[in-house]
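First comes the structure, then the notes that go with it.
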Amino acid sequence: KDLSFRINKKKTEREKYIEKVTAILKENLEKHNLKAEIYGRPKHFYSIYKKMMEQHVSFEDIYDLLALRIIVDDETECYEALGIVHSIWKPISGRIKDYIAMPKANMYRSLHTTVIGPEGMRVEIQIRTKQMHFIDEFGIAAHWKYKENMSASQDDLEQFNWLRQLVEYQRELKDPHEFLDSVKIDLFQEEVYAFTPKGKVIALPRDSTPIDFAYYIHTEVGDKATGAIVNGVIVPLRQKLSNGDIVEIITKEGHHPSKDWLKYAKSSKAISKIRNYIRQTERDESVISGRESLEREFKKAENKTLDFKELVGLAVQKLSLKDEDDLFAGIGYGKYSPSYIFSLVMPDRKKTDKLSLITKTTGSVISKILQKIKPGSGKSEAIISPFGGDMLYKLAGCCHPIPGDSIVGFISRGRGVIVHKSDCKNIIGMDENRLINVSWKETLNLKNSNSSGAEFFETKIRIITDDKKGILGDIASLISAKGANISKAQVRTLKDGRAVHLFDIEVKDNEQTDAIISGIKSIKGVIKVNRVSA
């Protein structure tokens, strides 16, 4: 509201200024016999707010609050208009962007420049053709509407490489949230432009590495990449690329992607390809170990009424799985135990343990996980219990689940079940075959305890306040009064007179956390409070 008030305060002044700049532009373009449509507008509130957040500056430090668009007939005239604009007003270094020669990933095309206009005010000017403007206003699908009565050229088809890539992602990424994340990566990031040795321009997200470049070229090039030559110098795959870099990828037969690559990859294509490879590799290993485990236990079993193939077929049917590989992978991951498969298919067979333990197997994801089977459900539910027999579990450090939260378990390799909040963003992209339903026990005996010996869970809260004296003490006092302990606190002040507080607090459950958040909201000067992930 404050930002809206400050912008609206000088709205009339800015509108008059736009009229003045538009008149100057129109006069100079006509002198050069260049026909153009000129549109001027003050920048939108959100555009200004986003720039303030990204650049960590106050409203007073945002100078280019005005934007104009010059619409011409063809590409040549775009560059001619740019030259005329720069002959009138001095351009600001580093603010000239050519999205015509190097379009964005979604095929956005335009020339951008920011100049020092009349009275020393900064003005952003965008120059584009009518076709470019039409696509910008109505989306890339509007390209065909614009050229409705014309046949598609090769250039037209190349503009839809991005759209074809989206279709490919949708096929590969079964999880809709992961698909949406992939699209966001390509659409909403600044870009870096690198070149192949033959001079082809490759547009990638900011901070991209040779890994992203390699996967842009081809999946096989990405999978086999071992390094890169950037501007004639050999560099590691984690090296960040800069605008204008000439990149050549070094490959080696038999080389494969590594999990570590996910730390350095920035483009959605690279990330999805690496994840797919890792999933498939882990699945293949689990299929082998799961089959070996089931075969070994089958040989030991007494009073067999079925052969191994019949056992597998019935288990696949009862668990509603796609094929036997899904069954073997589930056993290899630790989702099903061989003894559970026997009890499912041969219910009359003597059960050694109603709550059967997963048998140790070579390559098994988890050696022993306590399972409670719902009759006929085909799904396993692990009960969270720190001292629950042989159960291996760990609370995820990314989302810090606490009693009362809706949770889900992920069967990890060698670390047991990692418990996440159900809405944790890190669940996106995890192998659904390794996710299990988990719930909190009513009574928990926890390993963690604070200085007073009470049991606790750690969670994080972020508080935005006015930057005023005494507010930190008020917040700390309230947290203490609600029976929680502060293990860590960070405060950062902003230029706009606000402060951001980040607290790590020790609580018993989410009911206590909600009470703390509710209490903090009532403190004078507090703007916003929320629980956050790490």
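The values are calculated or read from the model by the stated rules, or taken from the named source; none is laboratory data. Being a predicted model, the structure only gives us computed values, none of them experimental. Cβ coordinates were reconstructed from backbone atoms using ideal geometry, including for glycine residues, and neighbour counts include every protein chain displayed.
Below are the figures for this structure:
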{"item": "Number of the condition not met by ASN510 [criteria: (1) under 26 Å from GLY397 (Cβ atoms); (2) surrounded by fewer than 16 Cβ atoms within 10 Å (Cβ to Cβ)]", "result": "(2)"}
{"item": "ASP284, sole failed condition from (1) without any contact (Cβ under 8 Å) to a residue 40 or more places away in the chain; (2) touching a helix residue (DSSP H, G or I) at 6+ places or on another chain (Cβ under 6 Å); (3) under 17 Å from ASP431 (Cβ atoms); (4) not in a loop (DSSP other than H, G, I, E, B)", "result": "(2)"}
{"item": "Counted residues, segment 104-133 - those being out of contact with any helix residue (DSSP H, G or I) (no Cβ under 9 Å at 6 or more places or on another chain) and in contact (Cβ under 8 Å) with a residue 60 or more places away in the chain", "result": "2"}
{"item": "Segment 375-428 - residue that is of a type in the set (D, E, K, R) and modelled with pLDDT under 65 and, of those, farthest from SER320 (Cα to Cα)", "result": "ASP390"}
{"item": "Meets criteria (hydroxyl-bearing (Ser, Thr, Tyr), assigned by TED's automatic domain parsing to the domain that holds ALA203, closer than 24 Å to PRO205 by Cβ and crowded, with 16+ Cβ neighbours inside 10 Å) for SER267", "result": "yes"}
{"item": "LYS259 vs. criteria part of a loop (DSSP other than H, G, I, E, B) and under 21 Å from GLY332 (Cα atoms)", "result": "yes"}
{"item": "Hits in segment 111-136 - residues which are touching a Ser or Thr at 6+ places or on another chain (Cβ under 9 Å) and either outside any strand (DSSP E or B) or surrounded by fewer than 17 Cβ atoms within 10 Å (Cβ to Cβ) (or both)", "result": "ARG122, MET132, HIS133, ASP136"}
{"item": "Yes/no for THR465 being more than 30 Å from GLY290 (Cα to Cα), modelled with pLDDT of 85 or more and part of a strand (DSSP E or B)", "result": "yes"}
{"item": "Some residue of segment 264-274 being in contact (Cβ under 8 Å) with a residue 24 or more places away in the chain, part of a helix (DSSP H, G or I), within 18 Å of TYR333 (Cα to Cα) and not basic (Lys, Arg)", "result": "no"}
{"item": "All positions within segment 10-39 that are in contact (Cβ under 8 Å) with a residue 12 or more places away in the chain and charged (D, E, K, R)", "result": "LYS11, ARG14, GLU15, GLU19, LYS20, LYS26, LYS35, GLU37"}
{"item": "Cross-chain or 6+ apart pairs with Cβ under 9 Å, segment 317-328 first and under 15 Å from LEU435 (Cα atoms) and touching a residue at least 24 places away in the same chain (Cβ under 8 Å), then among the aromatic types (Phe, Trp, Tyr) and outside any helix (DSSP H, G or I)", "result": "LEU327/TYR336"}
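For every residue, the table says whether it meets (1) part of a loop (DSSP other than H, G, I, E, B); (2) of a type in the set (Val, Ile, Thr); (3) buried (at least 18 other Cβ atoms within 10 Å of the Cβ); (4) not assigned by TED's automatic domain parsing to the domain that holds LEU435.
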{"position": "ILE288", "(1), (2), (3), (4)": "no, yes, no, no"}
{"position": "ARG296", "(1), (2), (3), (4)": "no, no, no, no"}
{"position": "LYS299", "(1), (2), (3), (4)": "no, no, no, no"}
{"position": "THR305", "(1), (2), (3), (4)": "yes, yes, no, no"}
{"position": "GLU310", "(1), (2), (3), (4)": "no, no, no, no"}
{"position": "GLN317", "(1), (2), (3), (4)": "no, no, no, no"}
{"position": "SER320", "(1), (2), (3), (4)": "yes, no, no, no"}
{"position": "ALA329", "(1), (2), (3), (4)": "no, no, yes, no"}
{"position": "ILE341", "(1), (2), (3), (4)": "no, yes, yes, no"}
